[in-house]
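Colleague: The structure follows.
The values are calculated or read from the model by the stated rules, or taken from the named source; none is laboratory data. All figures in this text were calculated on a predicted structure; none of them were measured in a lab. Cβ: placed from backbone, ideal geometry, glycine included. Neighbour counts: every protein chain shown.
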Amino acid sequence: MKESEKQAELQIMLNELNQLHAKSIELLQKTNEPEKMLDSLLAEFERRLTDLSGINLNSKPESINDTLAREKLKALLMYSQLAEILRGNAELQVQLKSHNKDLDELNHRMSENNDELRRLNEYYLNMLGFVAHELRSPLVSILGFSELLEEGYLGKLNVEQLNGVQVITRVSRNLIDMIKNYLDLSKIENGELLIHWQELDIEKDLLQPVLSELSGQLSLKDMKIVRKGPALSKKICIIGDRDLLKIVFNNVFSNAVKYGKPHSTIHYQTEETETGYFFSIKNEGRGIAKERIESIFDKFSQGVNKDPNLPRGTGLGLFNTKCIIKAHEGDIWAQSEEKKWFKINFHLPRKPRQPRNKVDMTSTASVLS
């Protein structure tokens, strides 16, 4: 083939490719309208077919001697392949556009629902805090007078009267504990449970006050709290919030008293670790099944108490406790042998690495068995 013929053939190929490229760009710009695009594809295909009248389309391009016809046939074959790709691409884009529209509508509805849930939750927490606060004062008065009656300071009671007063005392104390847990939850969810960091002596600032407060409940059930193992040889000091950690110790010890077996002993243990201190509180009693251990730290969990004869809690004590311990960069977990014993373990560092300003629910403790 002469050089001039090769140049002419190349020019024809380039012209066909340029036309194909121009048409492809035009069709790509119409991919959001697949019906119109399909019409355009067919029209262009038909136009190119008319340019090849008399050519057997089943022929191989190499077998056609006419240079122009051969290059047009090659371009038409390329065009048909590209047209199929463009058509499929257009349909996919339309589907994606439809799905995106559905997602936008769904996100909008979810946003509206979330706003409504936040509003309802804020209303619920405000009402919870108000009602709990208003109930606490009269309940404290009821508990105080019932304890005076029970101790005989207001006159001697017969057996039936004493039993009735003891019921009032027990129920009042349980209601006060429930209210305290609801108030703590309300403050946690509203971000109002602030942390005031200070150096604390665990024995003096936390253990002794809490155990002293529980003396009345222990006496009613003929129970006692005993340290397991020898006391530490030195003072236990950590950096934490006195009031919040008192909630922790009060919750775990009162839980042991509430669900422990009458006339039994509650054992607690304190051990020093490389980073802080480990605490465990174990009581004899009904315990809890192993498969339900992890749920006891959930909000509103009733995992420990399934006996209607035992006082019903809020399911918030251990949840609030977990939030406070995590805010101190500690961990908490439980162990139990059903119908025998139950134990709460937790670890507190001497000093948190990144002190927080408040207790929140953004991170939860890993519950170990």
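Colleague: For segment 261-304, enumerate the residues that are out of contact with any strand residue (DSSP E or B) (no Cβ under 7 Å at 6 or more places or on another chain), assigned to a helix (DSSP H, G or I) and either β-branched (Val, Ile, Thr) or without any contact (Cβ under 8 Å) to a residue 40 or more places away in the chain (or both).
Modeller: Glu291, Arg292, Ser295
Colleague: Determine, yes or no, whether Asn190 is among the polar types (S, T, N, Q) and surrounded by 16 or more Cβ atoms within 10 Å (Cβ to Cβ).
Modeller: Answer is no for this residue.
Colleague: Is it fair to say Val165 is within 18 Å of Lys258 (Cβ to Cβ) and modelled with pLDDT of 80 or more?
Modeller: Criteria not met by Val165.
Colleague: When you scan segment 174-216, how many residues do you find that are within 15 Å of Phe319 (Cβ to Cβ) and polar (S, T, N, Q)?
Modeller: Residues that pass the stated criteria total 2.
Colleague: Another question about this same structure. Give the number of residues within segment 290-314 that are touching a Gly at 6+ places or on another chain (Cβ under 9 Å) and modelled with pLDDT of 85 or more.
Modeller: 6
Colleague: Mind telling me which of the residues Leu211, Leu157 ends up being of a type outside the set (Val, Ile, Thr) and in the same structural domain as Lys246 (by TED's automatic domain parsing)?
Modeller: Going through Leu211, Leu157 in turn, the sole match is Leu211.
Colleague: Being basic (Lys, Arg) and outside any loop (DSSP other than H, G, I, E, B) is the filter; apply it to segment 327-369 and report the residue that is modelled with the lowest pLDDT. Walk me through it before giving the result.
Modeller: Within segment 327-369, the subset basic (Lys, Arg) is 339-340, 343, 350-351, 353, 356, 358.
Pick out the ones that are also outside any loop (DSSP other than H, G, I, E, B) and you get 343, 358.
On the way: Lys343: 95, Lys358: 86.
Among them, the one singled out is Lys358.
Colleague: What number goes with the only condition from (1) in contact (Cβ under 8 Å) with a residue 60 or more places away in the chain; (2) not in a strand (DSSP E or B) that Asn163 does not pass?
Modeller: (1)
Colleague: Determine whether segment 252-260 contains at least one residue that is over 26 Å from Gly144 (Cβ atoms) and touching a strand residue (DSSP E or B) at 6+ places or on another chain (Cβ under 8 Å).
Modeller: no
Colleague: What is the number of the single condition among (1) among the basic types (Lys, Arg); (2) free of Cβ contacts under 8 Å to residues at least 12 places away in the same chain; (3) assigned to a helix (DSSP H, G or I) that Lys234 does not meet?
Modeller: (3)
Colleague: Related question: Filter segment 255-298 down to the residues that are small (Gly, Ala, Ser) and more than 25 Å from the chain's Cα centre (by Cα) and list them by number.
Modeller: Ala256, Gly260, Ser264, Gly276, Ser280, Gly285, Gly287
Colleague: Would you point out which residue out of Lys261, Lys282, Lys224 is more than 20 Å from Lys326 (Cβ to Cβ), touching a helix residue (DSSP H, G or I) at 6+ places or on another chain (Cβ under 9 Å), surrounded by fewer than 17 Cβ atoms within 10 Å (Cβ to Cβ) and at pLDDT 90 or above?
Modeller: Lys224
Colleague: May I ask you to list pairs of residues, at least six apart or on different chains, whose Cβ atoms are under 6 Å apart, with the first in segment 332-351 being closer than 21 Å to Ile236 by Cα and the second being among the polar types (S, T, N, Q)?
Modeller: Cβ pairs passing all conditions: Asn345/Ser280; Pro349/Thr275.
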